[in-house]
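Here the structure is laid out as structure tokens; the discussion comes afterwards.
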């Protein structure tokens with residue numbers, strides 16, 4: 001059997017590789033996407049005081065420590081059955097919105113944007129942030145740096161640190177916001193709204209105005225009919241910090257909504273011996289392997305998923321964009337009782353910008369709340385600690401922390417279902433589909449293959465910081481084609 | 001390629017926070033670009049692993065290596081980069097002392113696997129565990145070997161300098177880069193090999209703005225049990241188990257400033273051989289009792305002494321000189 005090994009180079013040294021096996025006809029027999037690292041947080045957090053979890057689990061991922069900090073703090077609240085005062089919740093959510101603003105900006109401009117702004121066929125040397133700056137204008141580079149700086153400033157003001165925030169504790173937060181800090185955040189928030197609108201306009205002009213790109217988005221290669229999950233508020237609008245997790249079928253029927261403590265009724269994880277990462281799936285639907293469709297429990301948890309799982313956005317400008325998103329990509333009217341669903345993975349980039357706008361508008365809303373500067377930011381827990389689950393939406397997927405403690409609040413058991421892990425199955429499927437379309441009868445479409453596979457990856461913004469520790473980045477790829485004896489007959493490379 | 005000095009940065013078993021901290025140095029990154037050829041840095045540029053292998057030994061002037069040594073591939077990369085680098089900096093808490101992932105050394109690999117692959121949400125009736133080599137219908141697949149313990153970088157290769165912090169603060173990183181650039185131009189001298197760089201030489205307490213009154217405590221207090229943290233007073237004197245007294249300065253006391261205890265991420269202060277031993281001494285000095293039973297009672301109010309004293313430093317601590325308890329018990333079973 002012929003074998004093709006795709007080694008994302010950074011992964012070659014430790015963080016992941018793809019094996020493609022061809023059958024006797026030279027068609028794809030199977031693909032394996034391996035994640036080769038484990039650090040073991042679920043074990044070594046046992047024995048630690050539960051209030052340290054928002055600090056310890058930060059160290060799962062330095063790209064999204066804010067997500068682990070928040071899920072950890074909410075799980076701590078649940079363990080002590082304590083409801084933080086409203087100002088504390090507002091502050092946590094404000095920190096989190098600042099984080100989303102930075103994170104989504106980075107992804108769009110540094111990683112996804114170049115494919116579209118420069119075009120997937122542009123020379124490699126131009127398909128980067130510098131290429132965007134050259135094409136769109138120098139001032140955009142300054143804006144992107146400013147956007148990242150503002151988001152980080154909000155995180156540091158409330159969380160105490162730029163990386164690995166430290167202020168959220170069981171029952172609230174250790175620090176309140178001064179009037180001066182609030183005023184600064186408000187200014188930054190207003191600027192952020194304009195920046196997000198500018199980004200959407202850029203996407204609209206350059207991508208949606210170009211038939212080639214629209215065809216690429218709507219094409220079959222990046223299309224998967226899976227389930228979608230995402231957290232929604234009581235109006236079924238997208239929420240990053242709190243609410244119920246909505247589960248949407250590929251046909252646009254809501255299977256249900258679950259509260260944090262009910263997650264084990266909905267989510268299960270499968271273990272395969274050839275990878276350190278588990279494959280989550282919907283328990284109520286069941287594991288049918290890495291396949292699409294309504295009978296397969298494979299689900300996705302991304303910006304696209306959150307829009308699909310919700311009925312709208314909670315802020316006015318983002319809501320307008322949400323409506324335009326569905327009328328543009330699903331022009332046919334949905335069956336009564338269902339909502340339109342976008343299955344095109346590349347549309348995730350558009351969905352991410354709509355979330356960027358929501359995050360920015362929400363910064364302004366939260367900073368304008370009269371209670372945001374209240375010093376009533378902590379409730380002392382009085383109940384005996386037992387067990388609790390905390391869920392937030394990490395940018396890369398629903399994040400679940402589940403803790404069990406003894407009566408002193410010392411951890412006896414820990415379970416974590418982290419952001420990108422949710423998407424392990426759909427990412428694997430996207431890789432397989434790209435491979436199947438690009439390799440037929442032993443003929444490998446060399447030109448563009450690597451970038452096509454890479455684009456399939458990038459739509460999910462895979463951050464294996466949570467599982468391994470790749471930043472969402474350009475994937476250096478090397479494809480080695482081997483004959484039946486394992487001898488290499490061709491090597492394709494990109495960025496390496 | 002120009003004849004500028006070469007720079008590399010690599011992550012082993014880490015979270016990526018060190019890379020973010022380097023990217024956060026802002027415009028200083030342009031100085032790196034102006035003074036170095038960045039030859040290998042997976043997060044920021046196209047990784048050129050094969051190019052690194054092809055380089056002459058010691059041809060990379062400066063390498064920042066972050067992350068602990070958790071598996072066989074981490075170790076292979078550590079050895080490769082040691083060979084190719086003139087100056088190898090153990091960068092960040094994971095590489096220097098094991099950091100939070102080093103707490104895994106209290107457990108056996110079997111316990112780590114059992115915890116990860118038999119959780120309440122895991123559907124695994126056959127007890128499947130990942131294995132280094134697995135035969136699937138189409139052929140064989142391999143993943144790296146998970147080591148019995150997490151090792152620090154200097155436990156697998158010699159290291160020139162240590163740069164502590166989880167992550168190292170961006171202003172400290174910028175200062176180190178300035179120093180190296182100046183040294184390469186002959187305008188400054190590098191510290192002696194084995195030195196700690198990019199940090200202070202005193203303790204976090206010395207840079208903490210909180211007031212100390214040499215007050216003693218009758219018990220330790222968990223932070224969530226305080227209605228509000230006094231904004232001016234030393235956290236330890238409020239009973240909060242703050243690691244400031246044993247922790248190296250350099251961060252600017254970020255956490256105590258916002259009402260959170262220092263968790264010790266900058267590692268042991270200058271001259272301290274074992275972080276845990278030093279912190280125990282510091283805690284003992286604030287206990288307000290001479291009665292052994294009363295002292296025991298006060299110490300019992302610390303819920304997790306092992307984690308408290310070795311939260312970041314376990315893998316690199318003196319404790320590693322002894323065989324882990326789990327290793328002895330697994331041998332007796334065998």
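The values are calculated or read from the model by the stated rules, or taken from the named source; none is laboratory data. Everything numeric in this text was worked out from a predicted model, so none of it was measured. Ideal geometry is used to build each Cβ from the backbone, glycine not excepted, and the neighbour counts take in all protein chains shown.
The table below lists the values:
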| item | result |
| --- | --- |
| Verdict on residue B:278 being surrounded by 14 or more Cβ atoms within 10 Å (Cβ to Cβ) and out of contact with any helix residue (DSSP H, G or I) (no Cβ under 6 Å at 6 or more places or on another chain) | no |
| Residues of the stretch B:9-39 classified as outside any helix (DSSP H, G or I) and away from chain A (no Cβ under 12 Å), total | 4 |
| Considering residues of the stretch B:281-305 that are touching a helix residue (DSSP H, G or I) at 6+ places or on another chain (Cβ under 7 Å) and either within 11 Å of chain A (Cβ to nearest Cβ) or assigned to a helix (DSSP H, G or I) (or both) only, the residue nearest to residue B:236 (Cα to Cα) | B:286 |
| Filter result (over 22 Å from the mean Cα position of the chain (by Cα), farther than 18 Å from residue B:315 by Cβ and facing chain B (nearest Cβ under 7 Å)) within the stretch A:32-51 | A:49, A:51 |
| Residue identified as touching a helix residue (DSSP H, G or I) at 6+ places or on another chain (Cβ under 8 Å) and surrounded by fewer than 24 Cβ atoms within 10 Å (Cβ to Cβ) among A:359, A:314, A:318 | A:314 |
| Residue in the stretch B:77-93 that is assigned to a strand (DSSP E or B) and at the interface with another protein chain (Cβ under 9 Å from one of its Cβ atoms) present | no |
| Hits in the stretch A:381-399 - residues which are surrounded by fewer than 24 Cβ atoms within 10 Å (Cβ to Cβ) and either closer than 15 Å to residue A:66 by Cα or in contact with a strand residue (DSSP E or B) (Cβ under 7 Å, 6 or more places away or on another chain) (or both) | A:386, A:387, A:388, A:389 |
| Some residue of the stretch A:62-70 being crowded, with 24+ Cβ neighbours inside 10 Å, at pLDDT 95 or above and under 19 Å from residue A:381 (Cα atoms) | yes |
| Criterion: facing another protein chain (nearest Cβ under 9 Å), over 11 Å from residue A:310 (Cα atoms) and touching a residue at least 60 places away in the same chain (Cβ under 8 Å) - qualifying residue of A:276, A:241 | A:276 |
| Matching residues, the stretch A:400-410, being surrounded by fewer than 22 Cβ atoms within 10 Å (Cβ to Cβ) and part of a strand (DSSP E or B) | A:404, A:410 |
| All strands (runs of 3 or more DSSP E) inside the stretch B:99-188 with 1 or more residues being within 9 Å of another protein chain (Cβ to nearest Cβ) and closer than 27 Å to residue B:16 by Cα | B:139-142, B:146-151 |
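Each row is one residue, and each column tells you yes or no for (1) more than 20 Å from the chain's Cα centre (by Cα); (2) over 26 Å from residue A:35 (Cα atoms).
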| site | (1), (2) |
| --- | --- |
| A:212 | yes, yes |
| A:226 | no, no |
| A:229 | no, no |
| A:237 | no, yes |
| A:242 | no, yes |
| A:246 | no, yes |
| A:264 | yes, no |
